[in-house]
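What follows is a short report on a single structure.
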Amino acid sequence: MRVARVFRLPMMAIMTALALSGCMRTSAAVAVAQPQSDPDSFADAAVPMPVAHDAAYRLDAGDKLRVVVYGQEGLTNTYAIDAGGSITMPLIGAVPARGRTPAGLASQISAKLRNGYIREPSVAVEVEAYRPFFILGEVAAPGQYPYVPNMSVESAVAIAGGFSPRARRDRVTLTHTDASGPSRMVVPLGTALGPGDTVLVGERWF
(Lines give C-alpha, C1' and ligand atoms only; values in the text may rest on other atoms or scores of the structure.)
Protein backbone atom coordinates (compact mmCIF):
# COMPACT_ATOMS: atom_id res chain seq x y z
CA MET A 1 0.00 0.00 0.00
CA ARG A 2 2.80 2.37 0.84
CA VAL A 3 4.47 1.62 -2.52
CA ALA A 4 1.26 2.47 -4.39
CA ARG A 5 1.00 5.76 -2.56
CA VAL A 6 4.61 6.60 -3.37
CA PHE A 7 3.99 6.13 -7.10
CA ARG A 8 0.60 7.84 -7.00
CA LEU A 9 2.00 11.23 -5.98
CA PRO A 10 4.54 11.55 -8.84
CA MET A 11 1.88 10.41 -11.35
CA MET A 12 -0.53 13.07 -10.12
CA ALA A 13 2.19 15.70 -10.42
CA ILE A 14 2.95 14.65 -14.01
CA MET A 15 -0.74 14.73 -15.03
CA THR A 16 -1.15 18.18 -13.47
CA ALA A 17 1.88 19.48 -15.36
CA LEU A 18 0.58 18.08 -18.63
CA ALA A 19 -2.83 19.66 -18.08
CA LEU A 20 -1.26 23.04 -17.33
CA SER A 21 0.96 22.87 -20.40
CA GLY A 22 -2.09 22.08 -22.52
CA CYS A 23 -3.92 25.12 -21.13
CA MET A 24 -0.93 27.30 -21.88
CA ARG A 25 -0.87 26.13 -25.48
CA THR A 26 -4.59 26.80 -25.83
CA SER A 27 -4.21 30.31 -24.43
CA ALA A 28 -1.35 31.07 -26.83
CA ALA A 29 -3.43 29.99 -29.85
CA VAL A 30 -6.29 32.31 -28.86
CA ALA A 31 -3.87 35.20 -28.40
CA VAL A 32 -2.52 34.73 -31.96
CA ALA A 33 -6.01 34.69 -33.41
CA GLN A 34 -7.11 37.78 -31.52
CA PRO A 35 -5.96 40.38 -34.12
CA GLN A 36 -8.24 38.73 -36.69
CA SER A 37 -11.25 39.72 -34.61
CA ASP A 38 -10.02 43.29 -34.12
CA PRO A 39 -13.06 45.58 -34.51
CA ASP A 40 -10.95 48.00 -36.58
CA SER A 41 -10.39 45.35 -39.25
CA PHE A 42 -14.16 44.85 -39.56
CA ALA A 43 -14.67 48.61 -39.65
CA ASP A 44 -12.23 48.93 -42.53
CA ALA A 45 -14.02 46.15 -44.43
CA ALA A 46 -17.37 47.86 -43.89
CA VAL A 47 -16.29 51.20 -45.37
CA PRO A 48 -18.33 51.67 -48.57
CA MET A 49 -16.42 52.08 -51.79
CA PRO A 50 -16.90 55.40 -53.59
CA VAL A 51 -19.39 55.45 -56.44
CA ALA A 52 -17.55 54.50 -59.60
CA HIS A 53 -18.91 57.31 -61.76
CA ASP A 54 -17.96 60.12 -59.33
CA ALA A 55 -14.43 60.50 -60.74
CA ALA A 56 -15.76 60.98 -64.29
CA TYR A 57 -18.88 62.92 -63.27
CA ARG A 58 -19.38 66.11 -65.29
CA LEU A 59 -20.47 69.12 -63.27
CA ASP A 60 -23.30 71.42 -64.26
CA ALA A 61 -25.60 74.14 -62.93
CA GLY A 62 -27.37 73.12 -59.73
CA ASP A 63 -24.57 70.96 -58.32
CA LYS A 64 -23.33 71.96 -54.86
CA LEU A 65 -19.62 71.46 -54.27
CA ARG A 66 -17.45 71.26 -51.20
CA VAL A 67 -14.18 73.00 -52.05
CA VAL A 68 -11.35 72.50 -49.56
CA VAL A 69 -8.22 74.65 -49.84
CA TYR A 70 -5.91 73.17 -47.23
CA GLY A 71 -4.60 75.74 -44.76
CA GLN A 72 -6.97 78.42 -46.08
CA GLU A 73 -10.16 78.50 -44.00
CA GLY A 74 -11.39 81.64 -45.75
CA LEU A 75 -11.51 79.81 -49.09
CA THR A 76 -12.82 76.44 -47.90
CA ASN A 77 -16.59 76.45 -48.29
CA THR A 78 -19.62 75.03 -50.10
CA TYR A 79 -20.22 76.58 -53.51
CA ALA A 80 -23.19 76.15 -55.87
CA ILE A 81 -22.71 76.14 -59.61
CA ASP A 82 -24.81 79.01 -60.95
CA ALA A 83 -26.92 79.14 -64.10
CA GLY A 84 -23.88 80.32 -66.04
CA GLY A 85 -21.99 77.17 -65.09
CA SER A 86 -19.46 78.76 -62.70
CA ILE A 87 -18.67 79.01 -59.01
CA THR A 88 -17.50 82.26 -57.43
CA MET A 89 -14.73 82.15 -54.83
CA PRO A 90 -12.93 84.82 -52.80
CA LEU A 91 -9.73 86.20 -54.35
CA ILE A 92 -10.09 84.47 -57.72
CA GLY A 93 -13.73 85.25 -58.57
CA ALA A 94 -15.66 83.13 -61.09
CA VAL A 95 -14.27 79.73 -62.02
CA PRO A 96 -15.94 77.83 -64.90
CA ALA A 97 -17.21 74.46 -63.65
CA ARG A 98 -19.73 73.23 -66.23
CA GLY A 99 -18.48 70.16 -68.08
CA ARG A 100 -15.48 69.66 -65.80
CA THR A 101 -14.87 66.73 -63.47
CA PRO A 102 -14.36 67.50 -59.76
CA ALA A 103 -10.64 66.77 -60.19
CA GLY A 104 -10.47 69.04 -63.23
CA LEU A 105 -12.13 71.87 -61.34
CA ALA A 106 -9.70 71.40 -58.43
CA SER A 107 -6.79 71.77 -60.86
CA GLN A 108 -8.32 74.93 -62.32
CA ILE A 109 -8.80 76.47 -58.86
CA SER A 110 -5.21 75.59 -57.94
CA ALA A 111 -3.91 77.27 -61.10
CA LYS A 112 -5.84 80.46 -60.35
CA LEU A 113 -4.68 80.55 -56.71
CA ARG A 114 -1.09 79.93 -57.75
CA ASN A 115 -1.24 82.97 -60.01
CA GLY A 116 -0.25 85.56 -57.41
CA TYR A 117 -2.17 84.41 -54.31
CA ILE A 118 -0.84 81.14 -52.84
CA ARG A 119 2.54 79.64 -53.69
CA GLU A 120 1.63 75.93 -53.57
CA PRO A 121 -2.13 75.54 -53.07
CA SER A 122 -3.62 72.13 -52.30
CA VAL A 123 -7.26 71.91 -53.40
CA ALA A 124 -9.89 69.15 -53.23
CA VAL A 125 -13.38 69.27 -54.73
CA GLU A 126 -16.23 66.84 -54.03
CA VAL A 127 -19.91 66.86 -54.90
CA GLU A 128 -21.89 67.68 -51.77
CA ALA A 129 -25.33 67.60 -53.46
CA TYR A 130 -26.16 66.69 -57.04
CA ARG A 131 -28.41 68.78 -59.25
CA PRO A 132 -32.06 67.65 -59.18
CA PHE A 133 -33.85 65.43 -61.66
CA PHE A 134 -37.27 66.08 -63.21
CA ILE A 135 -40.22 63.79 -63.71
CA LEU A 136 -43.22 64.71 -65.86
CA GLY A 137 -46.36 63.15 -67.22
CA GLU A 138 -48.52 60.44 -65.69
CA VAL A 139 -47.30 60.38 -62.08
CA ALA A 140 -49.08 61.52 -58.93
CA ALA A 141 -46.78 64.49 -58.25
CA PRO A 142 -44.70 65.58 -61.25
CA GLY A 143 -41.94 68.08 -60.63
CA GLN A 144 -38.32 68.55 -59.55
CA TYR A 145 -36.72 66.28 -56.92
CA PRO A 146 -33.28 65.91 -55.28
CA TYR A 147 -31.07 63.34 -56.93
CA VAL A 148 -29.62 60.47 -54.87
CA PRO A 149 -26.75 58.33 -56.23
CA ASN A 150 -27.66 54.96 -57.76
CA MET A 151 -31.26 55.94 -58.52
CA SER A 152 -33.28 54.17 -61.20
CA VAL A 153 -36.27 55.34 -63.21
CA GLU A 154 -38.47 53.13 -61.06
CA SER A 155 -37.30 54.81 -57.84
CA ALA A 156 -37.89 58.22 -59.43
CA VAL A 157 -41.49 57.23 -60.16
CA ALA A 158 -41.88 56.11 -56.55
CA ILE A 159 -40.53 59.44 -55.25
CA ALA A 160 -43.08 61.22 -57.43
CA GLY A 161 -45.94 59.33 -55.78
CA GLY A 162 -46.23 56.45 -58.21
CA PHE A 163 -48.05 56.08 -61.53
CA SER A 164 -51.36 57.73 -62.26
CA PRO A 165 -54.23 55.41 -63.28
CA ARG A 166 -53.64 56.20 -66.96
CA ALA A 167 -49.85 55.77 -66.96
CA ARG A 168 -47.94 53.43 -69.18
CA ARG A 169 -46.07 51.27 -66.69
CA ASP A 170 -43.53 49.31 -68.72
CA ARG A 171 -41.31 52.07 -70.15
CA VAL A 172 -40.68 55.82 -70.05
CA THR A 173 -38.90 58.47 -72.10
CA LEU A 174 -35.60 59.57 -70.58
CA THR A 175 -33.74 62.75 -71.56
CA HIS A 176 -30.08 62.84 -70.57
CA THR A 177 -27.49 65.55 -71.25
CA ASP A 178 -23.76 64.91 -71.38
CA ALA A 179 -20.69 66.44 -73.04
CA SER A 180 -22.05 65.58 -76.50
CA GLY A 181 -25.41 67.25 -75.81
CA PRO A 182 -28.92 66.07 -74.92
CA SER A 183 -30.18 62.63 -75.92
CA ARG A 184 -33.69 61.22 -75.68
CA MET A 185 -34.57 57.52 -75.53
CA VAL A 186 -37.33 55.13 -74.49
CA VAL A 187 -36.10 52.95 -71.61
CA PRO A 188 -37.42 50.31 -69.17
CA LEU A 189 -38.02 51.16 -65.51
CA GLY A 190 -34.77 49.59 -64.31
CA THR A 191 -32.61 52.09 -66.22
CA ALA A 192 -30.15 54.12 -64.14
CA LEU A 193 -30.99 57.79 -63.64
CA GLY A 194 -28.44 60.62 -63.62
CA PRO A 195 -28.43 64.11 -62.10
CA GLY A 196 -30.33 66.58 -64.26
CA ASP A 197 -32.16 63.86 -66.21
CA THR A 198 -35.81 64.28 -67.17
CA VAL A 199 -38.24 61.35 -66.99
CA LEU A 200 -41.46 61.54 -69.00
CA VAL A 201 -44.11 58.97 -68.11
CA GLY A 202 -46.50 58.55 -71.02
CA GLU A 203 -50.18 57.71 -71.15
CA ARG A 204 -51.35 54.25 -72.12
CA TRP A 205 -53.78 53.94 -75.00
CA PHE A 206 -56.18 51.44 -73.41
Cα-based Rg/(2.2 N^0.38 Å) for segment 113-181, rounded to two decimals, is 1.73
Contact order relative to length for segment 70-154, counting C-alpha pairs under 8 Å separated by 6 or more residues, stands in percent at 17
Descending accessible area (1.4 Å probe), largest on the left, turns K64, K112 into K64, K112
For segment 84-206, the Cα gyration tensor yields equivalent-ellipsoid semi-axes (√(5λ), largest first, whole Å) of 40, 12, 11
A correct Stokes-Einstein calculation for segment 58-142, using the alpha-carbon Kirkwood radius, 37 °C and 0.692 mPa s, returns a whole-number D in µm² s⁻¹ of 241
Relative contact order as a percentage, segment 77-206, C-alpha pairs under 8 Å and 6+ apart, gives 21
Calc'd 3J(HN,Hα), segment 177-184, phi into Karplus 6.51 cos²θ - 1.76 cosθ + 1.60 (θ = phi - 60°), Hz, glycine/Pro = x, comes to 10, 10, 4, 8, x, x, 9, 10
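The values are calculated or read from the model by the stated rules, or taken from the named source; none is laboratory data. A quick note: this is a predicted structure, and the numbers were derived from the prediction, not measured. We work out accessible area using only protein heavy atoms, side chains counted, and drop any ligands, DNA or RNA first. Shrake-Rupley method; radii C 1.70, N 1.55, O 1.52, S 1.80 Å.
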